[in-house]
Amino acid sequence: EEEIQALRAEQPIMLKIYFSDHSFKNFQVDEDLLVSDLLNTISATLKVVLIDTYALYDVSNGGANNNAVVLDPQLKVMQVMQDWNKKVKLNNKPFAKKGIAKHNMVFSKRLYVDKIGEVPQDPVELHLLYTQAKGCVLRGKYAVTDTEALLLAALTLQIEYGNHNPEKHTAGFLR
């Protein structure tokens, strides 16, 4: 529907690409743009070095899976967006309603190639890995022990608030 309005107004079609930290950026798409081309544009915009380890995912709230599906790099982006308008069963129940599921295109890590214990030196790569791992832990995708959860929470506080500052970090500052 947004595409039709953009065409009528002779404006470019913009697609929101979401990231692990819930932020997003708008990218211009056209009928010939491939998923691989969009990945390269995102890579250039974010200055991601190891683009081969990332993918675009179609994340939907409907259908049988309610999962993220890795998009084939050779697909046309507009074809993927057109498929979003198809009616699907909105859940797995026998008499589920049919409707149009909400879709998002998400840029996320697909392949981990670093050696165990090695920390990426690229700050963009490190931020993307951190936000994706944090989200996976919070959603329960990665199982962690209580001790690991406590250590991850401490790391998150360190990353988000920095070193302890008695003037700034007083009792109740997190509320």
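Highest first, please rank the peptides 141-153, 32-44 by the mean number of other Cβ atoms sitting within 10 Å of their residues.
Listed from highest to lowest mean packing, they are 32-44, 141-153.
Report, in listed order, any pair from Lys102/Lys134; Lys25/Lys168; Lys16/Lys168 with a Cα-Cα distance greater than 29 Å.
The pairs that break the limit, which is 29 Å between Cα atoms, are Lys25/Lys168; Lys16/Lys168.
A short reminder: the numbers here are calculations on the coordinates, not readings from a lab. These numbers were taken from a predicted model, which means no experiment stands behind them. Because the Cβ atoms are built from the backbone with ideal geometry, glycine has one as well, and the counts that use them run over all protein chains shown.
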